[in-house]
Amino acid sequence: MVNCLKTGMPVHSKMFEFERVYGPEDSQDTVFKEVKPLLTSLLDGYNVCIMAYGQTGSGKTHTMLGSQQLEESSRMQQEAQQGIIPKAAAELFRLISEKPAENHTVEVSVIEVYNNEVFDLLAKDGQGNGASQRRDVITTSSGSSQVTCLTHEPVCSAAEAMQIISRVLKRRVHCPTLIHTDSSRSHLVVTLTISSKSPNALALARRLQSAKKDLQRSAHREWWSPRCRRASPAAGHPSDGRSLSAASSPCASPSPSHSPCPSPRRSISPAPFRTKLQLVDLAGSECVGMSGVSGAALWEVSCINRSLSSLSDVLGALAEHRPHVPYRNSKLTHLLQDAIGGDAKLLVMLCVSPTQRFITESLQSLGFGTRARQVQKEQPRRKSNTLKVK
């Protein structure tokens, strides 16, 4: 319940309903308990997206990354103050360690959407130095979105992934405003890509390929063997004295059906298993007058609000089951198309201020969350890493 107080106006309340509501006294571990079950869907074949939405200074970065000034704290204190991104990375590698029968690889990429342009924060220049590079977002033939020439770095642990993420966070665009002295002016998208193939499937494919080659070699030996019916006209056709013609040789056969031995079964290859965990720290949404910026910073606020408005339009189209979803109205929504649409799973963390000063921004954020809750998708069926017969 939000109490709206205005001078000279009676107090009125607005009601909102969500799955969970956390207060300032709740810890990071308490918040992550709601996120944790969602990560198991990654190994079932589903894309997962977790994003923090709210005005500048409402706690989005603290929710997603945690406290940034804990170098001198103990390890236990550091883990307690970690946000969703480091905790999700640790949980993902824990889930992978519980599946020794499968072979998993994890890659990390970090993207910044600034002024409706996509920048690769892991890219390097010609001298090997870190330098953000502009990238394009395209739609593939399968209908999914893809960032061209995006840099992926393989990681073997959550600590290694967080080292890479922390290293490039300093490249994110910041600007002081009246609300926050170090306000993030871009959308940060951290993606953990999981690829997996079963070693049993790979071994089976190798055995089938080896069996195919053995069968081909044995068929070739049998063709020129005196015992082969096609090689000996008298054996195959006692009454026919015609000799073997050149057209009936295996090398000149116009069709595989002319082969004297049956063709081996086509090889079975394992289906690729690739899912994405996208963790998004959105830029703050606030009125231009509240931020008090001007000049180039004014254009930044305009781009931020337009991209967030496009995100709201996409959720509205999905909620109303419209035939057209405007993903391409913004680079942010085009980039997150695989995480929002289809059978992907999306979790929105709303960050709001409890003070009356920011009541307008808080109501706007809660309205965005209400629209996100209205998105109803068909019950997804469990996916599995099965073998496909080609």
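Mind listing whichever residues of the range 329-345 are assigned to a helix (DSSP H, G or I) and in contact (Cβ under 8 Å) with a residue 40 or more places away in the chain?
Within the range 329-345, LYS331, LEU332, HIS334, LEU335, GLN337, ASP338, ALA339, ILE340 meet the criteria.
For every residue, the table says whether it meets (1) within 17 Å of the chain's Cα centre (by Cα); (2) modelled with pLDDT under 90; (3) not in a strand (DSSP E or B).
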| site | (1), (2), (3) |
| --- | --- |
| LEU150 | yes, no, yes |
| PRO154 | yes, no, no |
| GLN163 | no, no, yes |
| THR177 | no, yes, yes |
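For the range 346-362, what are the residues that are assigned to a helix (DSSP H, G or I) and open to solvent by less than 40 Å² (accessible area, probe 1.4 Å)?
Listed by number, the residues that qualify are PHE358, ILE359, GLU361, SER362.
Picking from VAL113, VAL108, which residue would you name as being more than 17 Å from ILE194 (Cα to Cα) and outside any loop (DSSP other than H, G, I, E, B)?
Exactly one residue qualifies, and that residue is VAL113.
Kindly indicate the residue of the range 20-55 that is free of Cβ contacts under 8 Å to residues at least 24 places away in the same chain and either part of a loop (DSSP other than H, G, I, E, B) or within 18 Å of PHE358 (Cβ to Cβ) (or both) and also least open to solvent (accessible area, probe 1.4 Å) among those meeting that condition.
GLY23
Answer yes or no as to whether GLU79 is assigned to a helix (DSSP H, G or I) and modelled with pLDDT under 95.
yes
The values are calculated or read from the model by the stated rules, or taken from the named source; none is laboratory data. The shown structure was predicted, so the numbers you read here are calculated from the model rather than taken from an experiment. When we count neighbours, we look across all protein chains shown, and the Cβ atoms used for this are built from the backbone with ideal geometry, even at glycine. Accessible surface is based on the protein model in full, side chains and every heavy atom, while ligands, DNA and RNA are left aside. Shrake-Rupley method; radii C 1.70, N 1.55, O 1.52, S 1.80 Å.
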